[in-house]
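The numbers here are math on the coordinates, done by the rules we state, and not lab data. Quick caveat, the model's predicted, so the values are computed rather than measured. Here the Cβ is made from the backbone with ideal geometry for all residues, glycine too, and neighbour counts use every protein chain on show.
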Amino acid sequence: MTENAIILGIETSCDETSVSIIEDNPDGIPKILSNIISSQVEVHQEFGGVVPELAARSHVEKIDQIAKKAIVESGINLKNVSAIAATYGPGLIVCLSVGLSFAKAMAATLRVPFIGVNHLEGHALSPKLNSKLDYPYLLLLISGGHSQYLSVNNLGEYQRLGTTIDDALGEAFDKTAKLLGIEFPGGPKLEKFAEKGDPNKFNLPKPIINKGGCNLSFAGLKTAVLRITRQIKSEQEKYDLAASFQKTIEEILYQKTKIAFKEFKQLTKKKNNTFVVAGGVAANKKIRKKLIEVSNENNFIPIFPDLKLCGDNAAMIAMVGLEKYKLKKFDDLNLEANPRLPLDSGAKFLKGAGVEL
């Protein structure tokens, strides 16, 4: 193995085509040599959401170009790449297959190890690209498809403490934005929309706020927003509803995170506790502020990825690849895409209002 391993990462789990090259660093924080991300907003905008077949076609059309751009920007020679890492799940299988096939072909051509990466593990380790982070730590993963509290005990060792029983938080943001007439992708834009409104105008529900441990539920909140949008008559009321939604989410996460802190402390018995917040919704500045507040109140150290690394990107995939490379955890080239790949394979499936809380 070379002194400073160089990992090329590939991410195509949904609607971002991304290729990144990172280099190991003696100080513990890898250097990002390149991280090219090509979004498909224009492809899916007229449909108001991601269309899998169109997303996969876009990946096929762009991945070679994105890879070449990442290699040029990194300034490295491909013969110095130590391994190729790629997302193999979870995600849209037609999209996963594009990046996975491309990565396997590169690994075979370069005769270097191939490493399959769990997309969620990429988010879990993404703060390692800008912070020193020791196991174990508490993770709140909030994205378009996932909302989970997990104890990250080691690389590949996760224990889920709580999850959503219905919608993911990012999905709730996106659907609320759509109801308010914010163009796709609306979730990230809703926070700006909310800045113009009165957060106390509408009293919105906080489903399972006093039960279910640190499990989450957002379907009832989304339904309440739908009902109110049918009644509002002015643009200002839309801003007020957005602000009220934003505030309600902050309050839910504040309360549920306090419960997760208690469960994590009981589990690990650590004195110095770290709280990592990752995923696309971690870029929401007001949510960051609220989670920093609850962390300070409970003696947890809050750590977030760089804003540019909150959404789907290949640098976080390369980060996991680097960790696995150091431990010689390689995969065969016959590794298949897994659209429902979990982090904690032993966690119970929770879905719907009928679940026992």
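So who's got an amide H within less than 5 Å of the one on L33, skipping anything under 5 residues away but keeping other chains? H placed 1.01 Å off N, in plane.
I21, I22, E23
Calculate, in nm to one decimal, what E46 and D332 gain on full extension: separation in residues at 0.36 nm each, minus their alpha carbon distance. Walk me through the numbers on the way to the answer.
Numbers: separation 286, 0.36 × 286 = 102.96 nm, distance 3.94 nm.
Extending this stretch completely gives an extra 99.0 nm.
Quick one: what are the phi-derived ³J(HN,Hα) couplings along segment 227-239, Karplus 6.51/-1.76/1.60 with θ = phi - 60°, whole Hz, x for glycine and proline?
4, 5, 4, 6, 10, 5, 10, 9, 5, 4, 5, 5, 4
Compute the helix-to-body angle for 52-74: its Cα long axis versus the longest principal axis of the chain, expressed 0 to 90° and rounded to tens.
The angle comes out at about 50 degrees.
Report, in whole Å, the centroid distance computed from the Cα atoms of segment 89-163 and segment 246-276.
22 Å
What share of the DSSP beta bridges in the chain is antiparallel, in percent to the nearest 5? Write down the numbers at each step before the final one.
On the way: 27 of 45 bridges.
Just about 60 percent of them are antiparallel.
Counting only the backbone N, which residues of segment 278-305 are under 11 Å from the spot 7 Å out from the Cα of E195 toward its beta-carbon?
It comes to 285-286, nothing else.
Just to check I understand the Karplus step: with θ = phi - 60° and J = 6.51 cos²θ - 1.76 cosθ + 1.60, what whole-Hz values come out for segment 157-167, glycine and proline as x?
Those phi angles translate into 10, 10, 10, 6, 9, x, 8, 7, 8, 8, 7 Hz.
Number of Lys-Lys pairs in segment 119-219 under 19 Å by Cα, sequence gap 8 or more or different chains? Let's see the in-between values first.
Values: K175/K189; K175/K192; K175/K206; K178/K189; K178/K192; K178/K196; K192/K201.
The number of close lysine pairs in segment 119-219 is 7.
Starting from the amide H of N273, placed 1.01 Å from N in the peptide plane, find each other amide H under 5 Å away whose residue is 5 or more places distant or on another chain.
I301
Using only the alpha carbon atoms of segment 300-351, find the Kirkwood hydrodynamic radius as the inverse mean reciprocal pair distance, in angstroms to one decimal. Walk me through the numbers on the way to the answer.
Working: mean 1/r = 0.0697 Å⁻¹.
Kirkwood hydrodynamic radius for segment 300-351: 14.3 Å.
Stretched out fully, how many nm does the piece from R230 to K68 gain, at 0.36 nm a residue minus the Cα gap? Can you show the working numbers first?
Working: separation 162, 0.36 × 162 = 58.32 nm, distance 4.87 nm.
Stretched out fully, the R230 to K68 stretch lengthens by 53.4 nm.
Considering only DSSP beta bridges whose two residues both sit in segment 137-304, what percent are antiparallel, to the nearest 5?
Details: 12 of 21 bridges.
Bridges in segment 137-304 are about 55 percent antiparallel.
Measure nothing fancy, just the Cα-based angle from helix 93-110's long axis to the longest principal axis of the chain, in degrees from 0 to 90, nearest 10.
Computed tilt is about 20 degrees.
Only one of the values [x] 36, 27, 15; [y] 34, 24, 18; [z] 30, 26, 21 was calculated from this structure for semi-axes √(5λ) of the Cα gyration tensor in Å; name its label.
Checked against the structure: label [y].
Any idea how far apart Y135 and E293 come out in nm if each label point goes 7 Å out from Cα toward Cβ?
My value for the distance between the label points is 3.4 nm.
Could you work out how far helix 169-179 tilts from the main Cα principal axis of the chain, as a 0 to 90 degree angle to the nearest 10?
60 degrees
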